[in-house]
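**Student:** Let me give you the structure first, and then I'll get to my questions.
The values are calculated or read from the model by the stated rules, or taken from the named source; none is laboratory data. Just so it is clear, the model here is predicted, and its values are computed rather than measured. Cβ atoms come from the backbone with ideal geometry, glycine included; neighbour counts cover every protein chain shown.
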């Protein structure tokens with residue numbers, strides 16, 4: 001059974017007109033592809049609106065009830081798309097994450113997929129139906145509804161692709177490819193036809209918003225080819241698969257970073273790191289301090305998790321600018337040249353992080369757009 005999984009993000013299903021356009025596209029694709037599974041996000045801004053409603057009632061809503069509320073967004077999208085297909089004479093059926101067999105751990109708001117048992121999807125595919133799945137959600141072994149965190153619909157799509165042995169997973173979004181840098185901030189960016197799993201994973205963790213990091217991890221682990229495409233043009237985009245890594249490929253950035261210091265002896269750092277469930281961008285240990293670099297939106301949960309510790313919070317905002325490329329981190333001349341490039345424009349570098357796939361620079365929030373342009377012009381354009 002040749003199966004293809006197609007995921008449509010929030011902007012792709014933002015209006016009834018967009019949903020109808022996707023239904024028409026799927027009707028055409030149905031003539032070429034025997035079995036289609038579609039994963040949908042909530043309509044654009046729906047999730048934020050639901051969070052706002054919850055906070056009008058409670059400033060700190062219960063995470064379980066918040067998951068119950070937020071999963072309504074994807075259920076709306078899946079039902080509307082299924083109805084739109086049926087109006088075109090196409091057999092379809094919609095499933096929630098739990099009905100699709102997506103089993104997660106019990107962490108409300110940021111659950112991780114543990115296994116997938118999508119036998120109901122297979123049954124409906126064999127009947128000739130297009131199956132529509134609500135992304136971003138699953139169910140724990142305790143039968144509690146969970147959500148997978150921001151961008152979780154990408155993860156839903158790739159996880160289902162692995163279970164169903166799909167030939168490909170297509171991620172439809174509001175951009176037509178993965179670019180060499182964010183086109184909103186950098187001129188003359190280049191779209192890429194191909195990227196390796198390693199490069200895409202690195203860029204995703206360093207701030208690229210095209211794909212959710214966990215989705216790329218799933219694709220890499222189970223060797224699922226993933227293509228990023230535009231839901232407005234449906235043209236070929238960027239294929240992510242096994243391939244040789246090039247020297248310098250792309251630039252990613254992450255804004256609104258905060259620096260926290262946790263006063264503790266070295267012997268306690270391991271236990272503190274185990275305590276932190278919130279995403280940490282980077283950390284290092286210096287003398288009697290654990291230094292954490294986090295996104296500002298994670299400050300509240302970090303404070304809660306480390307409520308019994310002495311935290312020193314630097315209110316200054318930082319940004320990271322990351323260059324992906326195999327071996328560049330071990331090229332002393334390249335790194336020296338990169339530092340000099342920013343110093344010439346009086347951009348202070350507070351930290352430099354290297355690994356096997358690139359170099360990340362921590363700089364002032366106000367300087368990241370200039371830094372992006374400088375680096376892109378010198379190394380990619």
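**Student:** Among the residues of the range 115-133, is any closer than 22 Å to residue 278 by Cα, touching a strand residue (DSSP E or B) at 6+ places or on another chain (Cβ under 9 Å) and crowded, with 19+ Cβ neighbours inside 10 Å?
**Tutor:** Among the residues of the range 115-133, not one is closer than 22 Å to residue 278 by Cα, touching a strand residue (DSSP E or B) at 6+ places or on another chain (Cβ under 9 Å) and crowded, with 19+ Cβ neighbours inside 10 Å, which makes the answer no.
**Student:** Could you figure out which of (1) more than 21 Å from residue 45 (Cβ to Cβ); (2) more than 15 Å from the chain's Cα centre (by Cα); (3) in contact (Cβ under 8 Å) with a residue 60 or more places away in the chain isn't true of residue 132?
**Tutor:** Condition not satisfied by residue 132: (1).
**Student:** Okay, next question. Residues to consider are 274, 263; find the one that is over 23 Å from residue 203 (Cα atoms) and in contact (Cβ under 8 Å) with a residue 24 or more places away in the chain. Break it down stepwise before answering.
**Tutor:** Values: 274 fails: in contact (Cβ under 8 Å) with a residue 24 or more places away in the chain.
Within the list 274, 263, the selection yields 263.
**Student:** Moving to a separate point now. So, in the range 187-200, how many residues would count as being in a helix (DSSP H, G or I) and either surrounded by fewer than 21 Cβ atoms within 10 Å (Cβ to Cβ) or free of Cβ contacts under 8 Å to residues at least 24 places away in the same chain (or both)?
**Tutor:** 1
**Student:** So which of 240, 224 ends up being in contact with a helix residue (DSSP H, G or I) (Cβ under 9 Å, 6 or more places away or on another chain), in a strand (DSSP E or B) and either surrounded by fewer than 16 Cβ atoms within 10 Å (Cβ to Cβ) or not assigned by TED's automatic domain parsing to the domain that holds residue 293 (or both)?
**Tutor:** The unique qualifying residue is 240.
**Student:** Hey, another quick one. Given the structure, is residue 47 under 24 Å from residue 159 (Cβ atoms), assigned to a helix (DSSP H, G or I) and touching a helix residue (DSSP H, G or I) at 6+ places or on another chain (Cβ under 7 Å)?
**Tutor:** So residue 47 fits the description; yes.
**Student:** Would it be correct to say that residue 342 is within 30 Å of residue 188 (Cβ to Cβ) and in contact with a strand residue (DSSP E or B) (Cβ under 8 Å, 6 or more places away or on another chain)?
**Tutor:** Judged against the criteria, residue 342 is a match.
**Student:** Now a separate question. Just name the residue that is surrounded by the most Cβ atoms within 10 Å (Cβ to Cβ) out of those in the range 74-113 that are assigned to a helix (DSSP H, G or I) and free of Cβ contacts under 8 Å to residues at least 60 places away in the same chain.
**Tutor:** 78
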